[in-house]
Amino acid sequence: MGGLVAGLWEGGYGLTSPVAHAHESPGVVPYAGAAVDVLAEPDARPQINQAEVTERLDQLAASRAAREEAARPKAVLPVKGRLTSSYGARWGTTHYGLDIAAPMLTPEYAAADGVVLRAGSASGFGLAVYILHDNGDVTVYGHMEKILVQEGDYVAAGDTIALLGNRGQSTGPHLHFEVFQGGLDGRRVDPRKWLAERGVDI
């Protein structure tokens, strides 16, 4: 047995046997009788300009943001529900808005991009939110149970601003929605037509 082991060693078949003349093959590491190529170091590494990379990534991010902005709706229905009263004559007076009925705590949305002008208690509405839009119009949302924004907040069309309620002079859970053309000192217009001009039907 000892002679067999010695013979294997001398014949170079041992797993730990040294390999003769390894120094004669530069670039090759011999092991257990086999030659394995060594990956050579590249002559030159690619040069990366970090400023250019950062600029390109910023351009890609801006392009993506522009596409998302273009795809975003510019106006939405202020609440998903059933129209129960329109703008115009009602009970011997003029009803200056739309009444849209929905279950309590249904989300109410900003009808268009704007800035919250007022948010809080309001006579007749209980609670109300007023949003000033870029063309100077103001949209009014009344009777909510809870307000989720505050004065000075920027809101985009479709952002949740409140939860529908039954506060103030109200006979059931609904949103009262009004539009002042040209600001709160302007005239009140039919919200249905105002929405239709922006591609929103009710």
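Each residue of segment 193-202 in turn: what ³J(HN,Hα) in whole Hz from Karplus with 6.51, -1.76, 1.60 and θ = phi - 60°, glycine and Pro shown as x?
Each residue's phi maps through the Karplus curve to give 5, 4, 5, 4, 4, 10, x, 10, 10, 9 Hz.
What does the charge add up to near TYR96, with Lys and Arg as +1, Asp and Glu as -1, over the other residues with Cβ less than 15 Å from its Cβ?
Combined, the nearby Lys, Arg, Asp and Glu give 0.
What list of ³J(HN,Hα) couplings, whole Hz, do you get for segment 133-147 from phi and the Karplus terms 6.51, -1.76, 1.60, once you set θ to phi - 60° and write x for glycine and proline?
Working through the residues one at a time gives 9, 5, 8, x, 6, 10, 9, 10, 10, x, 6, 5, 7, 9, 9 Hz.
No lab work stands behind these numbers, since they all come straight from the coordinates. Predicted model, so just to flag it, every value in this text is computed and none were measured. So basically every Cβ, Gly included, is an ideal-geometry build from the backbone, and we count neighbours across all protein chains shown.
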